[in-house]
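Since the structure comes first, as structure tokens, the remarks are kept for the end.
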Amino acid sequence: MATDYDLLVIGGGIHGAACAQAASARGYRVLVLEQYEKPGMVTSCKSSKLIHGGLRYLETGQIKLVRECLQERHYLLENAPHLVKLIPFYIPVYKHTKRSSLAIRIGLLIYSLFSKKTFKSIPRHQWSDMDGLNTKDLKTLFQYYDAQTDDQLLTEAVMASAQRMGTVLYANTIFDSADCNNNQCTVCFTQNAISKSVTTKLIINTTGPWVNQILNKIKPEQSVIDIELVLGTHIIVNGELKKGIYYLEAPQDKRAVFAMPWKNKILIGTTESIFNAPPETTAPVDADIDYLLTVYNAYFKQHKSTADIVDSFAGLRVLPKTPESAFTRSRDTIIHHNSEENPCVFTLYGGKLTAHRATADHLMKIIQPFLPAPTKNMDTRKISLLEK
Ligand SMILES: Cc1cc2nc3c(=O)[nH]c(=O)nc-3n(C[C@H](O)[C@H](O)[C@H](O)COP(=O)(O)OP(=O)(O)OC[C@H]3O[C@@H](n4cnc5c(N)ncnc54)[C@H](O)[C@@H]3O)c2cc1C
């Protein structure tokens, strides 16, 4: 039976934008529903803004994720040079640092082999020139390269690229419900206080922290993955980091925290605390702000206090519920669907800003058997995000 769309994407964050881009690149008719006025206004503007392989994921054996993210970093540097920039990262290793200089050197060696970008140790005579970094008990200062972006603008750029290829975006539009059978879904939504509906062959649910709430509004009943929402707070403080991004080990719990230059200020983040409230109430918490100030002050001579904070923001990670701590839990993206009962709905759990294109590409391969043959064959690895 003919439907209005081939794919209806719920959620205009980075993953919704990437799925729309990938589907339009294959010639499918795509509609995106986004509840806010523009794409990327939830988690996808609250990240640490790093386009990176995730050096620390080597420690937990997430080699595939690191390689994939570094590959994606390469494509983004090519396709979005105005939004994604390589920047030096510094890892100070002190007498009290949990990871030894040798362990970090080995990690950086593997990382540099994957990324084809070298790393080095900063000679001692240059340490006094490092943004006021504490040098007492400093043993080694490593430098390597990763990339930084403006996550909100990147999300908007990916969505704009999808729209140029035919995606229709309904902003200020709230998904209400869907009724699916084996061949199609009727999707109901509210736009400017008016209830409307369209038909689609498939639904892609990329609603970040709302994923399971959305699944509960779809008939027939959808299975859900048990998840935990993990709050990550960032603060922006007065000051400047001229050299690049500092990769710090939190003295409190040995987690990684970044201090980064950001729009002529300093961005510090992030934290990880379990969040048990509705996603729309997400906000930075005082304990996390104190934690971040304590980390920064442990490393830099010029201390910061709450009076230096000019802004703060918080986002939610979607992680599968497991007994491990949030910090060590796998960051792999999960693509979920009720294969037998209802092949019409595909849901994306978790994910990385960095890997959005690869994730969407992977999802396209999974949904391909449920769609007609693609009418176009554009390779998203080669699509420029620069507006022509
Ligand atoms: C603190 C933190 C730091 C991070 N740092 C990094 C980093 O440095 N690098 C990196 O690679 N990754 C990072 N990540 C991961 C990355 O930011 C996320 O994986 C990504 O932004 C999630 O995007 P998304 O599209 O899945 O979800 P979201 O961006 O949350 O998008 C979901 C969208 O669905 C919409 N929506 C929800 N319900 C409805 C409805 N009923 N109707 C219509 N629309 C709806 C929402 O409005 C929203 O726009 C970080 C994550 C966090 C939380």
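A simple spin-label model places the labels of T322 and T375 4.3 nm from each other, with each point 7 Å out along Cα-to-Cβ. Cα axis of helix 286-299 to longest principal axis of the chain: angle in degrees, 0 to 90, nearest 10? Around 40 degrees separate the two axes. Between S305, Y246, T270, the Cα set farthest toward the positive side of the dipole of region 239-388 (charges on each charged residue's Cβ, about the Cα centre) is that of Y246.
Spin-label model, K242 to V224: label points 7 Å out along the Cα-to-beta-carbon direction sit 5.2 nm apart.
Rg and Dmax over the alpha-carbon atoms of the chain stand at 21.6, 72 Å.
Relative contact order for region 1-150 using alpha-carbon pairs under 8 Å, separation at least 6, rounded to a whole percent?
Details: 189 pairs, mean separation 37.0, N = 150.
Dividing the mean separation by the residue count of region 1-150 yields 25 percent.
The long axis of helix 356-367 is offset from the longest Cα principal axis of the chain by roughly 30 degrees. The percentage of C-alpha pairs in region 254-335 whose separation is greater than 23 Å is 30%. When you restrict to C-alpha pairs under 8 Å that are six or more residues apart and normalise by the size of the chain, the relative contact order lands at 24 percent. Calculate, for K139 and D286, the FRET efficiency according to 1/(1 + (r/R0)^6) with r their C-beta to C-beta distance and R0 45 Å; round to the nearest 0.05. E(calc), rounded to 0.05, equals 0.85. Remark: region 1-126 is approximated by an ellipsoid whose semi-axes, taken from the C-alpha gyration tensor as √(5λ), come to 39, 15, 14 Å, largest first. For region 168-246, the relative contact order comes to 21 percent (Cα pairs under 8 Å, sequence separation of at least 6). Think of the chain as having a plus end and a minus end, set by charges on the Cβ of Lys, Arg, Asp and Glu; of V237, L169, L33, V237 sits farthest toward the positive end of this dipole.
Between I63 and E78, the modelled labels are 2.5 nm apart [label points 7 Å from Cα along Cα→Cβ].
With all pairs of different C-alpha atoms in the average, the Kirkwood value for the hydrodynamic radius of region 15-70 is 13.8 Å.
Here the calculated FRET efficiency for T199 and K98, from their Cβ-Cβ distance with R0 = 56 Å, stands at 0.50, rounded to the nearest 0.05. Annotation: cysteines of the chain without a disulfide-compatible partner (Cβ-Cβ under 4.7 angstrom) are C19, C45, C69, C188. Computed about the Cα centre, the dipole magnitude for the chain is approximately 1560 debye when only Lys and Arg (+1) and Asp and Glu (-1) carry charge, each at its Cβ. Compute the acute angle (0 to 90°) between the alpha-carbon long axis of helix 101-115 and the principal axis of greatest extent of the alpha-carbon atoms of the chain; round to the nearest 10°. The answer is roughly 40 degrees. Where only DSSP H runs of four or more residues are counted, the chain gives -7000 deg cm²/dmol as its mean residue ellipticity at 222 nm, each run worth -39500 (n - 2.57).
For K201, a cut-off of 22 angstrom between C-alpha atoms picks up these lysines, skipping any fewer than 8 places away in its own chain: K217, K219, K365, K376.
Note that region 145-259 shows a convex hull volume over its alpha carbon atoms of 206 Å³ per residue.
Three principal axis extents of region 79-159 based on alpha-carbon atoms, in descending order, are 47, 29, 22 Å.
No lab work stands behind these numbers, since they all come straight from the coordinates. All values derive from a computational prediction rather than experimental measurement. Don't worry about glycine lacking a Cβ; one is built from the backbone with ideal geometry, like all the others, and counts go over all protein chains shown.
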